[in-house]
Amino acid sequence: MYLPAHFKEDRTPVLHELIRVHPFATLVMLDATGLVANHLPMEIDATAGPLGTLRGHVARGNPIWKSPRLDVEALAVFHGPQHYITPSYYATKPATGKVVPTWNYATVHAYGTLRVIDDAAWLRSFVEQLTDRHEAEHARATGDAPWHVGDAPESFLEKQLAAIVGLELPIARIEGKWKVSQNRPAEDRAGVVAGLGRSDDAAARAMAELVRERG
């Protein structure tokens, strides 16, 4: 992706944290038909490899795992906070009028060679891990009791696990872009934080916090 130096983020822990908080990936790869994209939640294991390893699963009926071009890297894209930025936020607007709208966002691109894992024990362990993490977050947010994989009948689980295939992507290279008003003067950044902070929209407040942090 186009990555000006002032928007570049290359600290691995920061990139991993965005993946943890925003785990729904667009996985782009090349197969016998050309470029294909799939959308799935992925888990980051920071301890597996120098840059970490991504794991996920897809339906067995999904052809993504049957004919991947393993000689070409796959790409997993993760989107963090994003929001439209109006020029009305900028202090320089009344001073010069030389302002235009833009879009702020944070994103991570992770590249690596895709591995297919068709193993029931691996899938059971991974699905339990994935479920437990997101059920814990749901329970904290709602007060509901978390659902566990073991709550379902074993015979039913076996059929469900037989219907999916695991994917693993050891990260060979990773890059991040935090386009959050770093190219604007301090007074304009303050205006963006104040303007977004007045909104009831969670995405606006999340972007306001990123602009504040990077300012």
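Within region 136-173, the set of residues being touching a His at 6+ places or on another chain (Cβ under 7 Å) and either of a type in the set (Gly, Ala, Ser) or under 23 Å from Val58 (Cβ atoms) (or both) comprises Ile164, Val165, Gly166, Leu167.
Residue count for region 72-88 satisfying the condition of being more than 22 Å from Met1 (Cβ to Cβ) and outside any helix (DSSP H, G or I): 1.
Tell me, please, whether a residue that is part of a strand (DSSP E or B), in contact with a strand residue (DSSP E or B) (Cβ under 7 Å, 6 or more places away or on another chain), surrounded by 18 or more Cβ atoms within 10 Å (Cβ to Cβ) and not small (Gly, Ala, Ser) can be found in region 194-206. No - not one qualifying residue is present in region 194-206.
Among residues of region 128-140 that are part of a helix (DSSP H, G or I), those with a Cβ under 6 angstrom from a residue that is surrounded by 14 or more Cβ atoms within 10 Å (Cβ to Cβ) and among the hydrophobic types (A, V, I, L, M, F, W, C), sequence gap 6+ or separate chain, pair up as Glu128/Val149; Thr131/Val149; Glu135/Trp147. Screening region 88-124 for residues that are polar (S, T, N, Q) and surrounded by fewer than 13 Cβ atoms within 10 Å (Cβ to Cβ) and picking the one that is modelled with the highest pLDDT gives Ser88.
I'd like the full set of residues that are among the small types (Gly, Ala, Ser) and under 14 Å from the mean Cα position of the chain (by Cα), limited to region 3-20.
The answer is none; no residue qualifies.
The values are calculated or read from the model by the stated rules, or taken from the named source; none is laboratory data. Just so you know, these numbers come straight off a predicted model, no measurement behind them. With ideal geometry, Cβ positions are generated from the backbone for all residues, glycine too; neighbour counts draw on all protein chains shown.
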